[in-house]
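Read-outs: derived from the displayed coordinates by stated rules, not from any lab. Just so it is clear, the structure is predicted and the values come from calculations on it, not from any experiment. Glycine also receives a Cβ, built like all others from the backbone with ideal geometry; neighbour counts cover every protein chain displayed.
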Amino acid sequence: KRLKLYVFNWRLLFLNSNYLVKNIMKNKLFLLLCFLVFCSHDMYLKLETFFLEPQQKSSIHLYNGTFDKSENIIDRDRMIDVSLTGQGQRNVLDESQWTEKDSITTLNFTSGDEGTWVAGVSTKPRQIEMDAKAFNKYLKHDGVTDLLDYREDNELLEEDAIEKYSKHVKAIFQVGDVRTSDWNTVLGYPIEFVPKRNPYETHTGDTLSVLLLRDGKPLANQLVYANFRPSLNQHSHSTEQMHSHDGDQPHSHGDENDEHAHNAKESTHGHSHDAQAQHSHDDSQNHSHAEIDEHDKTHSHDTQKNAHTHSQNDTVHRHDDTEETKDNEHEHTDGQLLRTDNDGLVNVKLSADGIWYLRTIHLVPTKEEGLTHESNWATLTFEIQHAHDTKDHSHELETEIPSYVYWIASGLLIVGLFFWFKRKN
């Protein structure tokens, strides 16, 4: 009897401790979920510099997170197209050219002949299920305000969502000095930006018109966010000096990273989170707002790799598999707030030197079986520099006086002194 009682007490203690541990873990998970920020993962193609030399060994980084920091990598089987277009040819890239490091997926390649080139990556659709509160917060955080207003106007804020999402990103870079027409290449993605002018024939202070296509047709009345980050090629001046290129609109090359703008219609300052200006979202196997891929691999709201859970109303609508805390809290609506016109065009004011990026999320209700919404994400990146011509780019005149002038002046001075002393004596 004593032995049975002894065993029974130990079993009871074990069950109680197990229950206690589970509850502690649940509470920790709850606290973790409460501290998770809304961090849906945009995707960008970035280069250290978008100006390359011909036949130069180069790298394109695929960021999944924000423009400044990549939260996780993108798996190969997630990509349905990876291509480089230049000299009128579209080249599909080999899987072996990709590497991963520090949550960044990197494409290593050798630049081709001189010309303007386009890089593109398109991902397969994934789907994520969210409760109503999480979905509404996600819409607000990522600036999908049209759909949020629609839900509010039609009393749909209490409806949960099952969203299918995919991402389609482009970068335009310049090799050598020759400009070619490849910049206007349409890659045929479900959604994509196509500039109406070669970005490398524009300069700081110009306005660039960009066309937004949805299934190959102009997409009207769509919100677009445009912003920039200072680049390695930036022409730096002190913060007190203004540098004018067109006489009327001087722009400063000082600390352009100081402003952390949110929802600013004409903000030209970056939303910077670190000195390296790398903030991104990546792709792994979960569209998780806590794991590796996004709105990118499995859209999960916890830290389990393939979990797709929404047990808490405060869970983050993340499009990746990384776990985030308050330290990384940020908005995705910084920069210029634009809207396409009836022809699908937006006009971006290129207000400063740097790497510019456009982003949009076309998220709409769908009647597809098993889904409530479908979203297609698009970004475009390129680099802008100011013009260097003698009319607009004026510095102090720095003429050097020829040495013979000094010799002549010295001779004249000596002769003058000689006659002056002679006359005086």
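Here are the numbers:
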item	result
For region 35-102 and region 170-189, distance of Cα centres in Å	16
Residue order, fewest to most beta carbons within 10 Å, for 366, 379	366, 379
Pairs of alpha carbons in region 140-192 whose separation is greater than 15 Å (percent)	69
Label-point separation in nm, residue 51 to residue 108, each point 7 Å along Cα→Cβ	2.7
Paramagnetic reach from residue 179 in region 345-374 [backbone N under 16 Å; point 7 Å along Cα→Cβ]	350
Per-pair calculated FRET efficiency, R0 = 35 Å: residue 83 and residue 140 via Cβ, rounded to 0.05	0.50
Relative contact order computed over region 38-160 (Cα-Cα under 8 Å; 6+ residues apart), in percent	26
Bins of 10 Å from zero: percent of alpha-carbon pairs in region 83-189	12, 30, 23, 21, 13, 2
Fully extended contour minus Cα-Cα distance, from residue 418 to residue 207, at 0.36 nm per residue	69.3 nm
Charge tally in the Cβ shell below 14 Å around residue 85, where Lys, Arg are +1 and Asp, Glu are -1, residue 85 excluded	-2
Nearest-0.05 FRET efficiency for residue 96 and residue 157, computed from C-beta distance (R0 41 Å)	0.30
